[in-house]
Amino acid sequence: MAFVNLKKKEVQVKIVYYGPGRGGKTTNLEYIYSKFNHRIKSEMVTIKTHGDRTLFFDFLPVDMGKIKGYDVRLQFYTVPGQVKYNATRRVVLRGVDGVVFVADSMLIRREKNIVSLKNLHENLMTYKKSMFTIPLVLQYNKRDLAEQDIPLIPIETLEKDLNGEVKAPTFEASALSGTNVVETLKKIISMTIFSLEKELK
Ligand SMILES: Nc1nc2c(ncn2[C@@H]2O[C@H](COP(=O)(O)OP(=O)(O)OP(=O)(O)O)[C@@H](O)[C@H]2O)c(=O)[nH]1
Ligand SMILES: [Mg+2]
């Protein structure tokens, strides 16, 4: 359940971009920020280590207007995808309301996607949450690399590897060019708000 401040009549909704290192999570948030920064009051917060890898998280707060008399504040986070940062990933997942899983379409990253999704599943379980019930969208990122003849994982394989059981909505995307970044965002917002409205009544 999202964080509800009854006094301020405010709900804080936490959406986390999850996935393997280098998959494009930070690039998604950067695109969203560059596209909507005229409507976003606060700065995007990023804590990076060398080579632009996320060390702790990236954070982007967005005000959404009201639902049922509550001001809704969306908070977007990314996790550090590198395997060694699991303790941090788990902290960032605390209180999560919705997840975008950003898969890397590069063929050489096939195994990394599978390991990362399994890791999401395990980390959600530590909070008694489930990948099968939480609002979840899968994004197959870096599809643009096909134009550079870089071998990509076919969509059917990604579906089999990652979406065989969860059956989440999916988007083929390029976070770098922005293709389907906003569509992914809109989908996770609507799924998360829908599930929240059920809880708020
Ligand atoms: N061609 C292409 N490159 C991308 C795309 N998305 C991200 N990249 C590149 O991939 C690299 C890693 O992207 P990030 O957004 O930093 O990846 P991340 O998932 O945040 O990685 P960690 O913070 O290490 O977990 C960067 O050089 C991006 O420019 C995409 O859709 N297409
Ligand atoms: Mg990052």
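Being among the aliphatic types (A, V, I, L, M), in contact with a helix residue (DSSP H, G or I) (Cβ under 8 Å, 6 or more places away or on another chain), more than 26 Å from Val4 (Cα to Cα) and within 15 Å of ligand 1 (Cβ to nearest atom) is true of Ile153.
Determine whether Thr27 is of a type in the set (S, T, N, Q), open to solvent by less than 60 Å² (accessible area, probe 1.4 Å) and at pLDDT 95 or above. Considered against the rule, which asks whether it is of a type in the set (S, T, N, Q), open to solvent by less than 60 Å² (accessible area, probe 1.4 Å) and at pLDDT 95 or above, Thr27 comes out as yes. Would you confirm, using the coordinates I've provided, whether Asp71 is more than 18 Å from Asn119 (Cβ to Cβ) and either open to solvent by 20 Å² or more (accessible area, probe 1.4 Å) or of a type in the set (Ser, Thr, Tyr) (or both)? Taking the combined requirement at face value, the residue satisfies it.
Restricting attention to the stretch 178-188, the residues being touching a strand residue (DSSP E or B) at 6+ places or on another chain (Cβ under 7 Å) and open to solvent by less than 50 Å² (accessible area, probe 1.4 Å) number 3. Filter the stretch 36-73 down to the residues that are within 16 Å of ligand 1 (Cβ to nearest atom) and among the aliphatic types (A, V, I, L, M) and list them by number. Result: Met44, Val45, Ile47, Leu55, Leu60. Elements of the type strands (runs of 3 or more DSSP E) sitting completely within the stretch 94-178 and holding at least 2 residues that are away from ligand 2 (no atom under 16 Å from the Cβ): these cover 136-141, 170-172.
Rundown of residues vs (1) under 17 Å from the mean Cα position of the chain (by Cα); (2) of a type in the set (Lys, Arg), yes/no style:
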| site | (1), (2) |
| --- | --- |
| Val4 | no, no |
| Lys7 | no, yes |
| Tyr18 | yes, no |
| Lys25 | yes, yes |
| Glu43 | no, no |
| Thr54 | yes, no |
| Phe57 | yes, no |
| Lys66 | no, yes |
| Asp71 | no, no |
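Taking residues in the stretch 65-85 that are among the polar types (S, T, N, Q), and partners anywhere that are open to solvent by less than 30 Å² (accessible area, probe 1.4 Å) and assigned to a loop (DSSP other than H, G, I, E, B), the pairs with Cβ atoms closer than 7 Å and at least 6 places apart or on different chains are Gln82/Gly21. Of the residues making up the stretch 161-177, those that are within 16 Å of ligand 1 (Cβ to nearest atom) and either over 12 Å from Thr27 (Cα atoms) or open to solvent by less than 10 Å² (accessible area, probe 1.4 Å) (or both) are Leu162, Thr170, Phe171, Glu172, Ala173, Ser174, Ala175. Scanning the stretch 53-64 for residues that are more than 16 Å from ligand 2 (Cβ to nearest atom), in contact with a Ser or Thr (Cβ under 8 Å, 6 or more places away or on another chain) and modelled with pLDDT under 95 turns up at least one hit.
Per-residue answers, yes or no, for (1) closer than 29 Å to Val11 by Cα; (2) of a type in the set (Phe, Trp, Tyr); (3) more than 15 Å from the chain's Cα centre (by Cα):
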{"residue": "Gly81", "(1), (2), (3)": "yes, no, no"}
{"residue": "Thr88", "(1), (2), (3)": "yes, no, yes"}
{"residue": "Leu93", "(1), (2), (3)": "yes, no, no"}
{"residue": "Asp104", "(1), (2), (3)": "no, no, no"}
{"residue": "Glu111", "(1), (2), (3)": "no, no, yes"}
{"residue": "Ile114", "(1), (2), (3)": "no, no, yes"}
{"residue": "Leu117", "(1), (2), (3)": "yes, no, no"}
{"residue": "Met131", "(1), (2), (3)": "yes, no, no"}
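The values are calculated or read from the model by the stated rules, or taken from the named source; none is laboratory data. Since the model is a prediction, treat every value here as computed from it, not as a measurement. Cβ: placed from backbone, ideal geometry, glycine included. Neighbour counts: every protein chain shown. These area figures cover heavy atoms from the full protein model, side chains too; ligands, DNA and RNA do not enter into them. Shrake-Rupley method; radii C 1.70, N 1.55, O 1.52, S 1.80 Å.
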